[in-house]
Structure formats: structure tokens, C-alpha cells
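Only one structure is covered here, and it is reproduced in the block below.
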Amino acid sequence: MSEEGTLVASGVTHSFAGTKVLDGIDLRVSRGSVVAILGPSGSGKTTLLHILGGLLTPDAGRVDRPFERPAFVFQEPLLLPWRTARGNVAFGLAGLRLARSERLSRARTMLVKVGLGQDDAVLYPHQLSGGMKKRVALARALAIEPDVLLLDEAFSALDVGLSREMQQLVRLDAQERGVTVVLVTHDLSEAVRLADRVIVLAGRPGRIATRLSIDRPARLRDDAFVEAEIRRIAALEAIRDAFRPTLSG
Amino acid sequence: MPRISWRRLAGGERRWAVLGLGAVIALWEIGHRVYGDFVLPSPLATIAALGRLGASGDLWPAVVTTARDALSGFLAATLAGSLLGGLAGRSTPIRAMLQPIATLLIGVPAIAWVVLSLLWFGGSGLAATFSVAIAVGPVVFAAAVQGTRTVDGGLRTMARAFRVPFGAMIVDVYLPHVLSYLLPALGTALAMSWKVAVMAELLSGTGGIGDGLAAARAEVDTAKTMAWVVVVVALLLIVERLVIEPVRRYFETWRHGLPGEAA
Ligand SMILES: Nc1ncnc2c1ncn2[C@@H]1O[C@H](COP(=O)(O)OP(=O)(O)O)[C@@H](O)[C@H]1O
Ligand SMILES: [Mg+2]
């Protein structure tokens, strides 16, 4: 029933200390596609992403993960404080059989791609701004040339221009190599720019409130299209319901 | 590396250090004037006694023996303590089993270990090494447990997510953090090692500074006793400076300016 390389979750349910946070999540992400998980904070997006990536075993349900080289950008940067930016990117490559010099040169190249130059590469995390740390984390993930990329609010600490640039980088990289991307966000415009399909999580425990698809190919989405699409989606009853609890506090 | 520390010390800290040391020597001299040669020989007389020890050829072999006893015990304690501590930090059953034992061992007075190990190992050089290792090991163990337990769970998850091999996990995720707990403990452990080694030598009479102290006591030679004390302290300071301090400085680069870490 499943095509080659499809990430499939069925009936995924999970609790923390007796409190159910995810309930009956069904989800398919076909190879090379981009799926956005959208929802208010606390709706279980991070938990679902960790389950999809195999970092957390759900209480119930099953997940097929037909991939070999997953890469994460976590909600927190999670950089080693005792390693420089370059050392941190190289650390992500420790699982690949590469010579040390090869690792470092890959790390340097990837840092340049996320806009961090020679001078930034030798800084320690406590010397980097929040946005720079996020970009180091992104570079660490992209550097391993993953077959699936799991992004948890990867662009949220960045200012608008930079965030657009990084989104572009991920999109191009994913398209070029046919990477499957699952990205978690609470930002509708991010979802509309990048995703082929969007699932909206809402409520406690989190359930899938609605599913959307965005049909125009990502590279053809201009600002006008994105704006119109955001307006269309934001007007949907299901979306308004999903985000209502956070709006009213 | 030492150059950095001297420059920083010269900024004013060093002046205070010299002042403190000067005060001790002044008090020593005053004590000497008040109580006389027998109770407290003057600093100069102590230096002279030290010179005689050197000239007689007793000094160097004693230093070598004590260093061997203290450092071999310290090394054994460090290896066993950090290995077991690391395991105990990661595994609750192992921790539950080992922690009470460590507490028990810490409770035994060092001098009791000396007596026991003399009974067990007799006059062989092993008695001092064993006493040091068993007295100091639990201190290292406790620090290693604490360090391993407090490793950032997020970083562990991250390393797991990137499928980082076991060796890199230990070296890059655990070790730097654990060392921030371990290094201060190792400083304390090292100082303890010298004391216990000297104590064991004093009772076993198999050479070393402790043996020298025992001889000085038998000869009722206070100046010689003081000279041996100066030797132990000097040795301790030298090893601190040469071993512990450079390692500490190396691992401090990234900590400089971390929240909660005074720069
Ligand atoms: N490790 C954990 N232990 C206990 N509760 C957790 C843990 N992680 C998340 N939660 C709870 O699960 C719910 C969903 O969290 P999360 O998946 O982080 O949501 P989101 O990413 O959408 O903000 C929240 O109520 C949160 O408090
Ligand atoms: Mg989250």
C-alpha cells in the first residue's frame, strides 16, 4: 500500500507522565515532498516531529521510516558549547566515514552557504547571536546531505530577510537531492512558501484538525501568490478554530 | 600557557599572593623568636636543613619515592573513580549499588586505610599506593557521577539524532562537561594523595618523604622536619602548576563568559 520511500505514521498516540499530548495521528509524507506541521504552541508539533524522526517511541501506533540519514534542526539550537561553529557542524558529520580534513572543509562550505564566514566559523556558541546559532544548526543538518530533513521552527529566530534566504536554501537543497522535508512551524507564511502539504494540529491532546495542499510548485510561488494563499487559508473555519485558543489566551 | 597566568597575576593578584606568603613567613619568624629553635626553627634554619638534606643525597630518592607512591595511587583512583562514576551516572542500578559503597569508603579515616594496607601488603611499596587509591578514589567517583548525571539531555538527543558513534559521543558530548566537575575534584584528590602517601610511608618505613619525617622525628630534629614539610608542599604546588592548571586552562576557553561561569 505504501510507495517506495514514503514516511508513514498511523494511529500515533503519545502521553507524557499520563497526559495525552498526541491522539491518533495519521500522516504520509512521500519521498521528496515537503510537509508542514502547523499549529499553536503546545499542540504537540515537536513531539510529533521527534516521533517521526525516531527519537521518541510513541505509546501507540506505528511509524515507517524508510530513510537512512535523517537530519534534525531542533527547536533549540543544541550546539556543543565547547566547540566552535565549525566544530559543531563537523560534529554532525562524525557518523559519516570521512577524513577529519574533509569534515572540516564540508563544515566550512556549509557555513558559508548559511551566511557565516571565516570569522564566524571560529566563534564559540556563547559568542553567537540567537539567529547565528540557528543557522549553525541548519548548516549542521544540511552538511550531512540527509535523505530526510526534520525542521522544528528552524527559521523562527531569524529576521525576515534572513529567514526567507534560509527557506530558499532548504528548498533548493531539498529539490536538488530529492530530500523529504517535514517542517514544524507556527508561521503560516513559512508553510505556504515551502510546503506541498500542510497538516494542522490543534487541541489538547493534539489531533489533526485539517489538511491542506498547496498545489503551485514552490519555486513558482511569488509574494502575491503567498499573500493570497495566506488570506485564503486564514479564512478557513478549521484554521480559525485551531488557532483560537491561543488568541484568546 | 603559564605565561598567560603570570601576566594576569602581575595585574595585582600576584602582589596580594606575595603579601600573603610574606605574612606567613613573618609569623613563622616571630614564632621562632618567641618559642625558640626547638619548637619552631627559623625559616632560614629550615632552608639550611633542606640544603643539608640535598647534600647528603637523601632528598632526591625520597622525592622520587613519594612522587611514585602519590601519583600511582592518584592515577589508579582517577581511572577507577571516573570509569565507575561515569557508569554510575548513566545507570540508576549501578549508581544505587555504588553510591553507598563510596560513602562508606569516604567515611573510613585515611590513617585506617594506611594501617590496613600495611597489614595486607606488608612492607612492599604497594601499601602506600593502595592507601592513596582507596582514600582518594571515592572523591573522584562522586565528582564523576555528578558530572555525568548533569550532561545536557538535549545535547545527548542531538548526538543520537545525528547517529554519532559511541567514541565521539563520549569525547565530544560527555567528557567536556564531566571534566568541568572532575577537574576541581582532581585538584583536591591530588593534594590528598600526597598527604596519604606521606602518612603511609611514615608508618611503613619503606622510604620516601614520610620515612624521612619519621627519621627526623626519631632524631628530634625539628628543622629537618620542617624541611621535609616544605618539600611536600613544593612538590604539590609544582604538580598542580604543571599538570592540573594547564588542563584546566585548556578546557576553560569555551567556558569563558558562559552564563553562571564567572569569567
Ligand atoms: N519531555 C516532556 N515531558 C513532559 N511533557 C512534555 C514533554 N515534552 C512536551 N511536553 C508537553 O507536551 C505538550 C506538547 O508539547 P510540544 O510537542 O513541545 O508542543 P509544540 O511543539 O507544539 O509547542 C505540551 O503540553 C508540553 O508541555
Ligand atoms: Mg515545539
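The values are calculated or read from the model by the stated rules, or taken from the named source; none is laboratory data. For clarity, every value in this text was computed on a predicted model and none was experimentally measured. We place every Cβ from the backbone using ideal geometry, glycine too, and count neighbours over all the protein chains shown. To get the accessible areas, we keep the full protein, side chains included, count just its heavy atoms, and leave off ligands, DNA and RNA. Shrake-Rupley method; radii C 1.70, N 1.55, O 1.52, S 1.80 Å.
So which DSSP H runs in chain B come out at 18 Å plus along the axis (Cα) with average Kyte-Doolittle of at least 0.5?
Working: long enough: B:14-35 (31 Å, 0.63); B:43-56 (20 Å, 1.05); B:59-90 (46 Å, 0.93); B:92-107 (23 Å, 1.09); B:126-149 (33 Å, 1.45); B:175-204 (40 Å, 1.21); B:222-239 (26 Å, 2.34).
Helices meeting the span and hydropathy rule in chain B are B:14-35, B:43-56, B:59-90, B:92-107, B:126-149, B:175-204, B:222-239.
Keeping all protein chains in the complex and leaving out DNA, RNA and ligands, what accessible area do you get for residue A:28 with a 1.4 Å probe, in Å² to the nearest 10?
80 Å²
Find the centroid of the Cα atoms in region B:179-249 and in region A:193-249, then give the distance between the two in whole Å.
Between the Cα centre of region B:179-249 and that of region A:193-249, the gap is 71 Å.
Mind grabbing the accessible area of residue A:211 for me, 1.4 Å probe, Å², rounded to tens?
Its accessible surface works out to 120 Å², give or take rounding.
How large is the dipole of region B:60-220 about the Cα centre if only Lys and Arg carry +1 and Asp and Glu carry -1, each at its Cβ, rounded to the nearest 20 debye? Intermediate results must be reported in sequence, preceding the final value.
Working: 9 positive and 6 negative charges, 133 e Å.
Roughly 640 debye for region B:60-220.
How far is it, in nm, from the label point at residue A:129 to the one at residue A:4 when both lie 7 Å from their Cα along the line to the Cβ?
About 4.6 nm separates the two model spin labels.
Taking the Cα centre of each part, how many Å lie between region A:84-109 and region A:5-76?
With region A:84-109 and region A:5-76 each reduced to a Cα centre, they are spaced 28 Å.
Which distance in nm do the two modelled labels at residue B:28 and residue B:230 give, with both placed 7 Å along the Cα-to-Cβ direction?
0.6 nm
For a quick check of your reading of the filter: which chymotrypsin sites (Phe, Trp or Tyr not before Pro) in region B:21-57 sit in a DSSP loop and have no more than 16 other Cβ atoms within 10 Å? Provide the component values of the computation, followed by the final result.
Working: sites: B:28, B:35, B:38; in loops: B:38.
Loop-located and lightly packed - B:38.
Are there residues in region A:125-139 whose accessible area shrinks by at least 50 Å² when all protein chains are included rather than the chain by itself, and which are they (probe 1.4 Å, ligands and nucleic acids not counted)?
Buried-area filter returns A:126.
Which lysines, if any, have their Cα less than 21 Å from the Cα of residue B:224, not counting same-chain residues under 8 positions apart?
Output for residue B:224: B:195.
Working with all protein chains in place, sort A:199, A:208, B:170 by solvent-accessible area computed with a 1.4 Å probe, largest first. Present the calculation step by step, with values, prior to reporting the outcome.
On the way: A:199 0, A:208 40, B:170 65 Å².
Reading off the accessible areas and sorting them downward yields B:170, A:208, A:199.
Taking the Cα centre of the protein assembly as shown as the origin, how large is its charge dipole in debye, to the nearest 20, when only Lys and Arg (+1) and Asp and Glu (-1) carry charge on their Cβ atoms? Don't skip to the answer; put the middle values down first.
Working: 55 positive and 44 negative charges, 103 e Å.
Dipole of the protein assembly as shown, to the nearest 20 debye: 500 debye.
For region A:129-154 and region B:46-77, what is the separation of their C-alpha centers, rounded to whole Å?
Using only Cα atoms to place each centre, the spacing works out to 56 Å.
Among A:48, A:110, A:7, whose Cα projects farthest towards the positive end of the dipole of region A:1-129, with charges put on the beta-carbon of Lys, Arg (+1) and Asp, Glu (-1)?
Farthest towards the positive end: A:110.
For chain B, give the percent of accessible area contributed by carbon and sulfur heavy atoms, probe 1.4 Å, rounded to a whole number.
Values: 10070 of 14190 Å².
C and S fraction of accessible area: 71 percent.
Name the aspartates and glutamates eligible as straight-distance cross-link partners of residue A:133: C-alpha to C-alpha under 15 Å, and not fewer than 8 places from it in the same chain.
Here the aspartates and glutamates satisfying the reach criterion relative to residue A:133 are A:76, A:119, A:120, A:152, A:153, A:159.
For chain B, report the accessible area per residue in Å² (1.4 Å probe, heavy atoms, rounded to an integer). Please list the in-between numbers first.
Details: 14190 Å² over 263 residues.
Ligands and nucleic acids excluded, the result is 54 Å² per residue.
Of the options A:235, A:180, B:204, report the single residue whose Cα projects farthest towards the positive end of the charge dipole of the protein assembly as shown (beta-carbon charges: Lys, Arg +1; Asp, Glu -1).
It is A:235, whose Cα lies furthest towards the positive end.
Which residue, A:160, A:184, A:198, has the most motion in a Gaussian network model of chain A that connects Cα atoms within less than 10 Å?
Of the options given, A:160 has the highest mean-square fluctuation.
In terms of solvent-accessible area of protein heavy atoms at a 1.4 angstrom probe, what is the ranking of A:237, A:176, highest value first?
Details: A:237 110, A:176 155 Å².
Largest to smallest exposure gives the sequence A:176, A:237.
How much mean residue ellipticity at 222 nm does chain A get from its helices, if each DSSP H run of length 4 or more adds -39500 (n - 2.57) and you divide by all residues, to the nearest 500 deg cm²/dmol? Intermediate results must be reported in sequence, preceding the final value.
Numbers: 9 runs with 96 residues, N = 249.
For chain A, the value works out to -11500 deg cm²/dmol.
State, to one decimal in nm, how far the label point of residue B:119 lies from the label point of residue B:237, with both points 7 Å from Cα in the Cβ direction.
Distance between the two pseudo-spin positions: 3.9 nm.
Ranked from the most accessible area to the least, with a 1.4 Å probe and all protein chains present, what is the order of B:158, B:192, A:110?
Values: B:158 0, B:192 55, A:110 25 Å².
Largest accessible area first, the list is B:192, A:110, B:158.
When the Cα atoms of region B:60-220 are enclosed in a convex hull and the volume is divided per residue, what value in Å³ results?
Numbers: hull volume 18.9 nm³, N = 161.
Cα convex hull per residue, to the nearest whole number: 117 Å³.
Stretch residue A:99-residue A:175 to full length: gain in nm at 0.36 nm per residue minus the Cα-Cα span? Present the calculation step by step, with values, prior to reporting the outcome.
Working: separation 76, 0.36 × 76 = 27.36 nm, distance 2.76 nm.
The span from residue A:99 to residue A:175 would gain 24.6 nm if fully extended.
At a Förster radius of 35 Å, what calculated FRET efficiency corresponds to the Cβ-Cβ distance of residue B:44 and residue B:249, to the nearest 0.05? Write out the running numbers ahead of the final one.
Working: r = 35 Å, r/R0 = 1.01.
Efficiency, rounded to the nearest 0.05: 0.50.
So how much accessible surface do A and B hide from each other in total, probe 1.4 Å, in square angstrom to the nearest 100? Intermediate values should be presented prior to the final figure.
On the way: alone 12100 and 15170 Å², together 25340 Å².
For A against B, buried area totals roughly 1900 Å².
Got a number for carbon plus sulfur as a percent of chain A's accessible area, 1.4 Å probe? It would help to have the intermediate numbers written out before the result.
Numbers: 5320 of 11150 Å².
The nonpolar share, carbon plus sulfur, comes to 48 percent.
With a 1.4 Å probe on protein heavy atoms only, tell me which residues of region B:152-178 lose at least 50 Å² of accessible surface in the complex relative to the chain by itself.
Going by heavy-atom accessible area, the residues of region B:152-178 that drop by at least 50 Å² are B:155, B:158, B:161, B:162, B:163, B:172.
May I ask which residue of B:238, B:92, B:35 lies farthest towards the positive end of the charge dipole of chain B, with charges of +1 (Lys, Arg) and -1 (Asp, Glu) on Cβ and the Cα centre as origin?
Sorting the options by dipole projection puts first B:92.
With only Lys, Arg, Asp and Glu charged, each at its Cβ (+1 for the first two, -1 for the last two), find how big the charge dipole of chain A is about the Cα centre; round to the nearest 20 debye. The partial results should precede the final answer.
Values: 34 positive and 29 negative charges, 88 e Å.
Using only the charged Cβ atoms, the result is roughly 420 debye.
Give the lysines whose C-alpha is closer than 19 Å to that of residue A:20, dropping any in the same chain fewer than 8 places away, or say none.
Once the sequence-local lysines are set aside, what remains near residue A:20 is A:45.
Please identify, among A:96, A:183, A:158, the residue showing maximal mean-square fluctuation in a Gaussian network model of chain A using a 10 angstrom Cα cutoff.
Per the Cα network of chain A with a 10 Å cutoff, A:96 tops the list.
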